[in-house]
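Visitor: Got a structure for you, written out below as structure tokens; questions coming shortly.
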Amino acid sequence: MKSCNHFSAGGKRNMSLVNCGQCGKLIVENQLRMNLCEDCFAVQEAEFAKIKETLRRRPGANIMQLAESTGISPTKIMQWIREGRIRLEI
Ligand SMILES: [Zn+2]
């Protein structure tokens with residue numbers, strides 16, 4: 001006889017708390033936001049949009065030039081490149 005243990009296995013999952021990867025605030029884990037809190041995620045998306053826009057205007061720009069004209073740290077830009085979110089011709 002099968003027991004109805006799918007009640008506990010399915011739908012209800014414990015939400016795990018993580019620290020925001022940017023400011024360290026305690027938040028509910030959210031893969032879609034890359035575990036950033038709402039504020040930091042919004043900031044990051046804005047910065048990301050800025051980089052994309054700059055890349056469109058200056059297709060040949062390198063990381064340092066991008067960092068200079070957007071004010072975003074080269075480390076962050078490199079991270080996006082590694083994650084495959086933006087593509088740079090180096
Ligand atoms: Zn945050």
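Read-outs throughout are calculated quantities, based only on the coordinates presented, and are distinct from any laboratory measurement. Since this is a predicted model, take the numbers as computed values, not measurements.
Visitor: Can you give me the long-range amide H partners of Leu88? Hydrogens built in the peptide plane at 1.01 Å from N, cutoff under 5 Å, separation of 5 or more residues or another chain.
Guide: Sorted by chain and number, the residues that satisfy this come to none at all.
Visitor: What residues qualify as long-range amide H neighbours of Leu36, i.e. H under 5 Å apart, gap of 5 or more or another chain, H built at 1.01 Å from N?
Guide: Amide H neighbours of Leu36: Gly21.
Visitor: Next up: Would you give the gap between the C-alpha center of the stretch 50-90 and the C-alpha center of the stretch 13-30, rounded to a whole Å?
Guide: First find each Cα centre; the distance between them is then 28 Å.
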